[in-house]
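The structure under discussion appears below in the form of structure tokens.
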Amino acid sequence: MTMPGTAILALWNDCNPTREDYSLWHTREHVPQRLSMPGFIRAYRYCDGDGSLPKYFTVYALVNLDPLETEAYRHLLANPTRWSASMRPDIERYLRLPCSVRVSSGVGIGGFALVYLVKLAGHDAIEAGSFARLTELPAITAVRYAAVDRDSPAIPFTIAKEQREAPDGVLIIEGYDVEMLRAARSLIDTLLNRGITLSDATFYKLAYVMNSDEWENARPSSSFEFEARS
């Protein structure tokens with residue numbers, strides 16, 4: 001199954017370990033809120049990051065990059081619920097990369113992902129075929145490469161950010177077995193063309209997938225609301 005839409009919003013973060021409600025909040029409130037926005041198609045929520053990138057990784061599939069500039073989305077960012085507002089000070093190493101999808105190849109949704117940040121020697125370094133060839137490896141079910149859009153507007157609030165030079169792209173390699181993905185890592189460089197530098201290799205477990213037509217049924221009941229927990 002190729003990723004729907006022509007753009008993604010890729011986000012990484014850690015969270016203060018004292019916030020035991022992080023995964024509950026993210027699944028029951030945060031993801032459904034985003035999928036209620038026009039142009040947001042699907043959310044992939046990953047956890048247990050093993051590598052140099054933060055522990056949590058979220059990908060929103062978008063029709064294109066325009067949804068990130070709508071009045072509805074900007075209003076959502078600027079007006080968090082009490083639960084979301086309480087979470088923001090505990091979010092750490094936050095990295096947010098709006099991207100245009102260049103390659104989406106493969107079948108199905110893998111239960112694990114190997115994620116790289118990508119630097120290019122030049123615009124001619126991207127050859128879709130070289131990325132698509134990765135699906136020939138037995139552990140890999142899908143490959144997504146997306147180019148970072150540097151003109152997308154910043155978020156209208158302050159959060160503890162991951163300090164790093166912005167990459168040129170994000171490479172997401174999905175598979176059904178994490179150990180086989182680890183073994184395949186040594187072969188990935190040999191299948192990509194020169195001019196591509198991969199960094200920050202991090203393995204993730206897929207925790208949750210939601211489509212935009214499901215968000216209304218995912219609204220938290222009163223037992224999950226922040227007000228009931230505070």
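Observations, loosely collected:
- Test: V59 is part of a helix (DSSP H, G or I) and surrounded by 20 or more Cβ atoms within 10 Å (Cβ to Cβ): no
- Hey, D213 over 22 Å from C15 (Cα atoms) and modelled with pLDDT of 85 or more or not: yes
- Residue check, W12 part of a strand (DSSP E or B), buried (at least 18 other Cβ atoms within 10 Å of the Cβ) and either without any contact (Cβ under 8 Å) to a residue 12 or more places away in the chain or of a type in the set (F, W, Y) (or both): yes
- Y73 falls short of the stated requirement of being touching a strand residue (DSSP E or B) at 6+ places or on another chain (Cβ under 6 Å), without any contact (Cβ under 8 Å) to a residue 60 or more places away in the chain, among the aromatic types (F, W, Y) and farther than 15 Å from L171 by Cβ.
A quick yes/no check of all residues on (1) assigned to a strand (DSSP E or B); (2) modelled with pLDDT under 85; (3) β-branched (V, I, T):
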position: E165; (1), (2), (3): no, yes, no
position: I172; (1), (2), (3): yes, no, yes
position: R182; (1), (2), (3): no, no, no
position: A201; (1), (2), (3): yes, no, no
position: L206; (1), (2), (3): yes, no, no
position: S223; (1), (2), (3): no, yes, no
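- Qualifying residue in the range 107-116 (condition: on the phi > 0 side of the Ramachandran plot, assigned to a loop (DSSP other than H, G, I, E, B) and not aromatic (F, W, Y)): yes
- Residues satisfying the stated conditions in the range 64-75, i.e. loosely packed, with under 15 Cβ neighbours inside 10 Å and among the hydrophobic types (A, V, I, L, M, F, W, C): A72
- Qualifying residue in the range 146-163 (condition: of a type in the set (S, T, Y), in a helix (DSSP H, G or I) and either over 29 Å from R19 (Cβ atoms) or without any contact (Cβ under 8 Å) to a residue 12 or more places away in the chain (or both)): no
- Listed conditions (1) surrounded by fewer than 21 Cβ atoms within 10 Å (Cβ to Cβ); (2) closer than 27 Å to Y145 by Cβ are all met by R88, apart from (2).
- Residue within the range 5-24 that is hydroxyl-bearing (S, T, Y), at pLDDT 95 or above and in contact with a Phe, Trp or Tyr (Cβ under 6 Å, 6 or more places away or on another chain) present: no
- Hits in the range 34-56 (condition: within 20 Å of S100 (Cβ to Cβ), basic (K, R) and not in a helix (DSSP H, G or I)): R42
- Boolean, A78 is of a type in the set (A, V, I, L, M, F, W, C), surrounded by fewer than 22 Cβ atoms within 10 Å (Cβ to Cβ) and either without any contact (Cβ under 8 Å) to a residue 40 or more places away in the chain or touching a strand residue (DSSP E or B) at 6+ places or on another chain (Cβ under 8 Å) (or both): no
The values are calculated or read from the model by the stated rules, or taken from the named source; none is laboratory data. Just so you know, these numbers come straight off a predicted model, no measurement behind them. Positions of Cβ are backbone-derived with ideal geometry, glycine not excepted, and every protein chain shown enters the neighbour counts.
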